[in-house]
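Note sheet for the following structure.
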């Protein structure tokens, strides 16, 4: 079974702090994604990566950056955390070229910025 | 652009059948997916329709009609454990790496 893990389930940070959210997948998937999920707004794509060192902006990239130095790891960085970045953050991965369009999600990190 | 609309909430009783609709506006897409998410959990993949018609997987079925810009998830013999949020998603044509757009989700409550 594919496993996607995220470094923390719950995180509390202060406004202005630099925040790192880590995601690791164990199935050699090329594609990885970062979403945020807010009540009533579904899942919104922040950034995605289609291969090592390759990244592309999603729908809401402002205030975020990402890093993918190794295939299995995709990091989301909040350069200067703000209260409006309080949210649930979900990481996902997908096998490139898979016939079935299936993303595997991690358990999520609930980030609170105070 | 792409947008998907789903009802925000649906309530049904145990043993019943429920249909969760997803209407979309997109210029073109590869297929329609459905995900289930229990409260506090991660979304998990349920089904995928690349072509028009019905796909059946046990108690769950999914339907797509591209001509009507419409799809639905059908849940039969509802069980309490089916109480969850359900999301439809499309992967627009021309996008990289399987980037997809999700609907806002439908919260299904199953009552005894």
**OP:** Go through region B:12-33 and count every residue that is more than 13 Å from the chain's Cα centre (by Cα), surrounded by 12 or more Cβ atoms within 10 Å (Cβ to Cβ) and part of a strand (DSSP E or B).
**Re:** 3
**OP:** Quickly run through region B:62-74 and pick out the residues that are more than 19 Å from residue B:9 (Cα to Cα) and in a strand (DSSP E or B).
**Re:** B:63, B:64, B:65
**OP:** Return yes or no: is residue A:49 surrounded by 13 or more Cβ atoms within 10 Å (Cβ to Cβ), in contact (Cβ under 8 Å) with a residue 12 or more places away in the chain, farther than 20 Å from residue B:92 by Cβ and within 12 Å of the chain's Cα centre (by Cα)?
**Re:** no
**OP:** Kindly establish whether residue A:111 is part of a strand (DSSP E or B) and at the interface with another protein chain (Cβ under 8 Å from one of its Cβ atoms).
**Re:** no
Subject >> Answer residue from region B:34-61, given it is part of a strand (DSSP E or B) and farther than 25 Å from residue B:13 by Cα and is nearest to the other protein chains (Cβ to nearest Cβ) among those >> reply: B:48
Original post:
Quick check: anything in region A:2-22 modelled with pLDDT under 90 and surrounded by 14 or more Cβ atoms within 10 Å (Cβ to Cβ)?
Top reply: yes
Original post:
For region A:2-77, which fully contained strands (runs of 3 or more DSSP E) count at least 3 residues that are away from chain B (no Cβ under 12 Å)?
Top reply: A:10-13, A:19-25, A:64-70
Original post:
Out of region B:75-104, which residues are crowded, with 17+ Cβ neighbours inside 10 Å and not in a loop (DSSP other than H, G, I, E, B)?
Top reply: B:75, B:82, B:84, B:85, B:86, B:87, B:88, B:89, B:90, B:91, B:101, B:102
**OP:** Evaluate the following for residue B:53: is it crowded, with 21+ Cβ neighbours inside 10 Å and modelled with pLDDT of 90 or more?
**Re:** no
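The values are calculated or read from the model by the stated rules, or taken from the named source; none is laboratory data. Note that the structure is predicted; figures quoted are calculated from it, not measured. All Cβ positions, even for glycine, are placed from backbone atoms using ideal geometry, and neighbour counts span all protein chains on display.
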